[in-house]
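Q: Quick one: the structure is below, questions incoming.
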């Protein structure tokens, strides 16, 4: 796990009094860090929103999950093949290769929560997750 001062440097930007930075650091420091590998699926897409929150099973679709939502999975794709996920302490997961279904869940949430831009190493993935035909081969 990264030391607190490294996490603070990562999240310091426009937060002038550092209170938000300290809260985010505390939240991420107290989670299990899990690396997901997309070796058995088509890969991850990325967007201009680096962190996505995957709600827990049974979470109301009308509500928006937050960093403090119990059992929320804080997810950050690092490349087309690797994704970092922060999960509840005590979860019985280790770093693992994910299947296409879970990769789809992550990518669909990336599209939903992107602000403006979505990037992929393959155009057909952009078509698949956005439903937009402008991404032709």
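The values are calculated or read from the model by the stated rules, or taken from the named source; none is laboratory data. As the structure is a prediction and not an experimental result, all values here were calculated from the model. No Cβ is skipped: glycine too gets one built from the backbone with ideal geometry, and neighbour counts run over all protein chains shown.
Q: Determine, yes or no, whether residue 128 is at pLDDT 80 or above, surrounded by 11 or more Cβ atoms within 10 Å (Cβ to Cβ) and part of a loop (DSSP other than H, G, I, E, B).
A: Values: at pLDDT 80 or above: yes; surrounded by 11 or more Cβ atoms within 10 Å (Cβ to Cβ): yes; part of a loop (DSSP other than H, G, I, E, B): no.
Against the criterion (at pLDDT 80 or above, surrounded by 11 or more Cβ atoms within 10 Å (Cβ to Cβ) and part of a loop (DSSP other than H, G, I, E, B)), residue 128 does not qualify.
Q: Please find, within segment 61-88, the residue that is nearest to residue 47 (Cα to Cα) out of those that are out of contact with any strand residue (DSSP E or B) (no Cβ under 6 Å at 6 or more places or on another chain) and loosely packed, with under 14 Cβ neighbours inside 10 Å.
A: It comes out as 79.
Q: Just to be sure before I move on: is residue 49 touching a strand residue (DSSP E or B) at 6+ places or on another chain (Cβ under 6 Å), part of a loop (DSSP other than H, G, I, E, B) and either within 22 Å of residue 126 (Cα to Cα) or not assigned by TED's automatic domain parsing to the domain that holds residue 124 (or both) in the structure I sent? First the steps, then the outcome.
A: Values: touching a strand residue (DSSP E or B) at 6+ places or on another chain (Cβ under 6 Å): no; part of a loop (DSSP other than H, G, I, E, B): yes; either within 22 Å of residue 126 (Cα to Cα) or not assigned by TED's automatic domain parsing to the domain that holds residue 124 (or both): yes.
For residue 49, the condition - touching a strand residue (DSSP E or B) at 6+ places or on another chain (Cβ under 6 Å), part of a loop (DSSP other than H, G, I, E, B) and either within 22 Å of residue 126 (Cα to Cα) or not assigned by TED's automatic domain parsing to the domain that holds residue 124 (or both) - is not met.
Q: Looking at residue 92 and the list (1) part of a loop (DSSP other than H, G, I, E, B); (2) more than 17 Å from residue 29 (Cα to Cα); (3) in contact with a strand residue (DSSP E or B) (Cβ under 9 Å, 6 or more places away or on another chain); (4) modelled with pLDDT under 90, which single condition is not satisfied?
A: Residue 92 satisfies every listed condition except (3).
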